[in-house]
Structure formats: C-alpha cells, structure tokens
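Okay, structure first, notes after.
The values are calculated or read from the model by the stated rules, or taken from the named source; none is laboratory data. All values reported here derive from a predicted model rather than from experimental measurement. Counting neighbours? That spans all protein chains shown, and the Cβs are built from the backbone with ideal geometry, glycine included. Just so you know, the surface numbers come from the protein's heavy atoms only, side chains and all, with ligands and any DNA or RNA stripped out. Shrake-Rupley method; radii C 1.70, N 1.55, O 1.52, S 1.80 Å.
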Amino acid sequence: MHRLLAAVVAVIGTTLLFAAPAAAAGPPVPVPTVTGPIPVTANSYPFLATDIDLSKYGYMEEEYFIEGDAYRYDTTPSNDPAVTATRTETGGPNNDGTYPFKTRIVVRRPANASDANGAVVAEWYNVTAFRDIEWNWFGDPEFMLKNGYTFVGVSAQKVGADGLKAFDSARYGDINVDDNGGFPTGDPLSYDIYGAALNAIRGNRASGPDVLGGVAADTVIASGESQSCGRLSTHYNKIEPLQNIADAYLLTVCSSVLRTDRPDKAIRIITETENQIERPDATYPDTAAIRHWEVAGGSHLPRLAWDRVAEILNRDFLEIQVTCNKFPLSLVQWPFTANRAISGLVDWVESGTAPPIAPRGQYDGGSLVRDQYGIAQGGIRFPELTVPTGTNDGVNSAAPGGPIFSQFCGLLGSNTLFERPTLDSLYTDFADYVSQYADSVDAFLATDFILPEDAVRLKAISRQFPELRPTAPMVTHRKKTSGKVGLTWVGTEAPDTDFLVQRKSAKGKWKTAKDKSKGSNLVLKNEPQGTHSYRVRSSTVIPENNIADEYTTTTPFSEELKKVKVDRTGPKKPKIKVKGKRVGRNTYRGKVRIKVVGRPDPKLPDGSAGVGLNRKSVPKVKKIRKKGRKVIKVRTRDKLGNKSKATKVVIRIK
C-alpha cells in the first residue's frame, strides 16, 4: 500500500514541515522537482526508447528529469547486512551533507490511468555494459503491458549518466549524479537519487507534473538485475530502514545476503550462473518477508532479454558481439518466474498471501549434481530441463581473441543441442515431444513458480522447436482418390519453415511432390495414378542475431503414410449375356433374361492394383417380356466412381 513519509505532516508550496526535531538535517527521502515530459523528436528521444508498439497495449512512454539534493550514506561500518547505514550530514556546497543532482526517469504506463493495476515496477538501470539497460524489463515486457503494470526506469549511477551524455549531449548534457565529477567512483548519491525517483512515483514532488499521469502507485516494487540488484540489496539492508519508500523488492541474479529483520517483502531469483556455489538456508533463508528462488539451468542473462534488447542496442549504442567457448545463452525462460514474483509481491504486500518456498539446488561435495546430460538437479525446473532437447546451463567462458564483450561470456550460460541420435532416443517425432512438453508445463504450473498465462506461452514456444522430424502425414479425407490428395501432419511452427513432401510409387522411388509447403496442411492436385507412400520433413531458417549467423536446419524425414491410391481409370468394359429362345440373329421369342458381368478394375500404371470394381454398379439380372426392339447399354464404376466404357447390345423380341 501507499506509504506516507512518517516525518512529513504538511506540504506548503515547496516548503516541507516535519514532526522531527528542528535540528533534523532534512527529509528522509529527497523530494524532487520534476520537469517533463521531455519532448521527443526524430533526432532526440530517450536512450533505448522502446521499439514495442505501446499503443497496441494502450500504453505510452514518457521521459522526465528529476532534480534535488541528495545525501551520501556510510554503508560500510559493518559486514553485517542488518546494520543500517548512517547518513553523512557534512560536506556539499552548503556543508549540510547534500549535493545537487539531476537525472532522468523513463515511464511506461497505461495511457488511461483507469487501466493501471496500481502496481509500479521501478527498475534501477543496470550499467554493467556502460549504458543504462533495464534488463528485468527486457526479460518480458509483454507481461507488464498486458496486465496493467506501470514501469519506471531510474538512472542513478555515473556510468549510465556518462553513457547518456555520449548518446545525446544536447538532451542529457546537464545530468549530474556525481557532483559534476566530484565523486568519480562509488556512486555515493545513488541511493538518495533512487529514493527521489520513488518519491516522484509516489506523487511527492516539490513542483512539476505527476510523472505517472494520474496512475495510482498503490504498490511500488524496487527492481534490479545483477549489478543493480546488488545496489538494491544494499538499499534493502541499509537505506530502506531510513527511507521507508519501497513496498517490495524484486532482486534478480545477484547473491547479496539480505537482513532478516525487515518487514519489506523481497523475492531474490538466482540462476545456475550464480548458483554454482551452494547458497545454504542458514545464510539465504526463506522468512516471513523473503523468498529465495533458484532456477536450475538458467543463465545470468536470459535469452528472452537478449533477443529483445539486441536491435535497440544496435540502434542506440553498438552491436554487442561475443565469442564464447560454448554456444551462449541458456534457453531456460526464467523471466517467466520473475513475472510470478512480481505478481506474488503485489499479493504479498496487499493481501498478505505469501509466495511459495522453492526447492534448492542439489549439491554433492559443494558441486551441483547433474544428470547424464549435464543438466543440474534440484531448484525450480522449467520444462527445458525435464523434457530436454539439449543441455542448458549457467556455465560459459570467453574464447581467446574474441570481441571485447566476450568478457561477459561467463554471464551468458550456454545451450548445447543434443545430437540427433539422442533426440531420436527421447522423442519419436515432433508430436511426441510437444505432448511430453505440454505435460511437463502442466506439472510445472502446479508448482506455482509460473503464471497460467506464461504456461500457455511456454507451450507455444515448444511448438517452434525446429529439430525434430514431423509426424507421418495423414490423409485429410480418404486414402483412395481420383487425383486430389489432402495431407496433414504435426511439425514445427517456427517462422521461416518450409516442408518438403515426397511421394513414392509402388516401384520404390521417392520423388518430390511439393518442395515448399508453408504449413502442415497440403492439398496435392492431379497426383499421378498409382499406389503411393508419402513422407515429409522440415527446413527452418534460423535468423542471424548477435550471437550467430543465419543458418538452416533440416530434419530427417517422417515415417511413411502408405497405400494411398490415386485412380482415375474406370473398370474394364462389362459383358452382357442374353439368354432366351433365339430365332434369329439378336432376335428372341418370348421372355429374355439379361445378365451383366462386371469386369475387374485394371492395374494402375505403376503395376499396383486399382481401387476395385464397385459391385453395386453392376445391374442385377433383368427379365424382359415386352415385344419390340430393345437397346441395352451398360457402364460399371469402380469404388471411386470412375466409369467404364459402355457395352451396348441391341435385341428384338417377337
């Protein structure tokens, strides 16, 4: 719920009155002046402005500047995380401990405030790559956009500020988070700068517009990934007890120890990259306010985030390329568990419903236990581990002589696709894999570390796996046809996939029936006559990205669909037998008995049998008594309706 700053009792203009003694140096959290939204033009826009069509979700993006005065904090007097920091109240231009700052925040919110769900995720930008990057946002922005969350990115550190100035000096030239160079390292003002951003989110500002445009900030979640997760862990332990400004914390892929005597809710998510060293319950407990979740097989940087950030990093920074000893980035989609954490934190704060306690990784002698495929055991287990198509882990390293960003290979983990004999031993075909995967998703959903909407998305992701052969084709109508053959199969739904369909005649040679079918349904028109078998395989183009060149993967052929008959030839001409008292050529006296004898369906051009005579097309024996000239003309049909040539007999009855 929205917290009131305990010390604030009134706001008059821009002057704040406090219940604290008169000697107090200032408010517990800076109350900023807000400017904005900052205009966007073709030549000036927020760094890493989203490339998502926000209007499709009813959202908008705005950038604001906030400025005020920030204190420093002494966070190092004790290694004990439970020791609160002390605020330094000396130094600065006025020798009161404060230093002026100016920074920016980026807000992505519902355009209509009534569409917001009241929860704000405020991400402390990560600056490890020398630029402000909101890695938790990039993990899965669609989750927040579809569910009414408000996102705020906060620039709090010098490295990020320097990167902004390098990107657009006219827009960001007067940003100041380091006393204009007075604090070249350490970012001592960052905690108050972040707190000031949260104050603006809360609606507490000295002047300027409401940065949320009327959206109510009922629950504010402080979010940070990796390096910024470490900063926010310090904030949780040592600054939040002084500020009381955040409601909850989402801390991803850092292993900082959290104090256990605070009421503020926190969920820490770590992956195998951070979990190679055991994190014991004694040091990383689950408490009344903390949950520690370990995602097995995940990598520090999730593939989902990499795929979403690559293009706009190329646009606004540079193309980040790496050369690692193993193919980088685990395919374990742990941002979906971060979604569960965000939802769980809101429930925990607002209703007291605690998220589940997660299983921990399994260790033997201090090392993670792995199965025969090298997959780590224990922890939160995505279907990529329980229905594997390769080994996903959090382990990697830079290959010699690679680009500069290869130094981050250790954070990327890896995925190593199983070789085809292993895949074939695990899954009969694509449908078998998808079925097993769906069952695994359902079981995973029951553990409560993923949301139902993301379980649906996981199943959709599995249907794009391109390496398993399709099922044997099935005919969509019947296996006997006069020329049109409808086929369907279950195969990958990956984009840029073509299916090759082959036909084999009774003579045993495979030929292409259709070389590029875009989907798993196909109608072949005017197929040649014969008894055919059909099979199919897929070829998928995997597009180029920052970690791999474009390539094409082609599966083995499916099992065969056999004995499909294509027959456009009618039966042989029937015979007509006339029995009676003949008194001349084709002339009879009295009653005549007419019998039609059907003849068999001829062989097809490939030597196989035709579909066979339709016995119902052969007329029954007929007796004729009426005098006069009679013309008897008969055709028969095969089981597909193909007609024979007509047989004609003319008789006269006296």
Order by accessible surface, 1.4 Å probe, largest leading, for residues Leu232, Leu445 comes to Leu445, Leu232
Protection proxy (average C-beta count within 10 Å per residue), highest first, orders 607-620, 126-139, 481-494 as 126-139, 481-494, 607-620
Taking Lys and Arg as +1 and Asp and Glu as -1, residues besides Trp334 with C-beta under 12 Å from its C-beta add up to -4
Per-residue accessible area, 1.4 Å probe, largest first, puts Trp293, Trp510 in the order Trp510, Trp293
Taking Lys and Arg as +1 and Asp and Glu as -1, residues besides Glu550 with C-beta under 12 Å from its C-beta add up to -3
Cross-link reach from Lys326 to lysines, straight Cα distance under 27 Å and at least 8 residues apart if same chain, gives Lys459
Among the Cα-Cα pairs of segment 249-349, the proportion with separation greater than 22 Å, in percent, is 40
According to the Cβ-distance criterion of 4.7 Å, cysteines of the chain with no possible disulfide partner are none
Using alpha-carbon positions, the gyration tensor of segment 346-386 gives root eigenvalues a ≥ b ≥ c; with a/c under 1.5 called rounded, otherwise prolate if a/b exceeds b/c, else oblate, the class is oblate
Ordering 320-330, 55-65, 220-230 by per-residue average of other C-beta atoms within 10 angstrom, highest first, gives 220-230, 320-330, 55-65
Mean accessible area per residue over the chain (1.4 angstrom probe, all protein chains present, square angstrom) is 43
The rounded separation in angstrom of the Cα centers of segment 244-288 and segment 506-560 is 50
As straight-line cross-link partners of Lys238, the qualifying lysines (C-alpha separation under 24 Å, not fewer than 8 residues apart within one chain) are Lys102, Lys158, Lys265
With all protein chains in place and a 1.4 Å probe, Leu417 shows an accessible area in Å² (nearest 10) of 80
Ordering 171-184, 264-277 by per-residue average of other C-beta atoms within 10 angstrom, highest first, gives 264-277, 171-184
Among Lys480/Lys562; Lys630/Lys654; Lys565/Lys595; Lys511/Lys565, the pairs whose Cα-Cα distance exceeds 22 Å are Lys565/Lys595
Taking only protein heavy atoms and a 1.4 Å probe, the highest-to-lowest accessible-area order of Thr50, Thr569 is Thr569, Thr50
Applying the gyration tensor rule to the Cα atoms of segment 123-217 (axes a ≥ b ≥ c; rounded if a/c under 1.5, else prolate if a/b exceeds b/c, else oblate), the class is oblate
Placing one equal point scatterer on each C-alpha of segment 402-546 and summing with Debye, one gets log10 I(q)/I(0) at q = 0.12, 0.17 Å⁻¹ equal to -0.67, -1.06
The rounded separation in angstrom of the Cα centers of segment 66-108 and segment 422-440 is 55
In deg cm²/dmol, rounded to the nearest 500, the helical mean residue ellipticity at 222 nm of the chain, built from -39500 (n - 2.57) for every DSSP H run of length 4 or more, is -5000 deg cm²/dmol
Share of accessible surface on carbon and sulfur in the chain, whole %, 1.4 Å probe and ligands ignored, is 49
For the chain, shape from the Cα gyration tensor axes a ≥ b ≥ c, cut at a/c of 1.5 then a/b versus b/c, turns out prolate
Restricting to Cα pairs under 8 Å and 6 or more apart, the percent relative contact order of the chain works out to 9
Rounded to the nearest 10 degrees, the helix 158-167 long axis (Cα) sits at an angle to the longest Cα principal axis of the chain of 60
Note on the chain, DSSP bridge orientation, antiparallel percent to nearest 5 equals 75
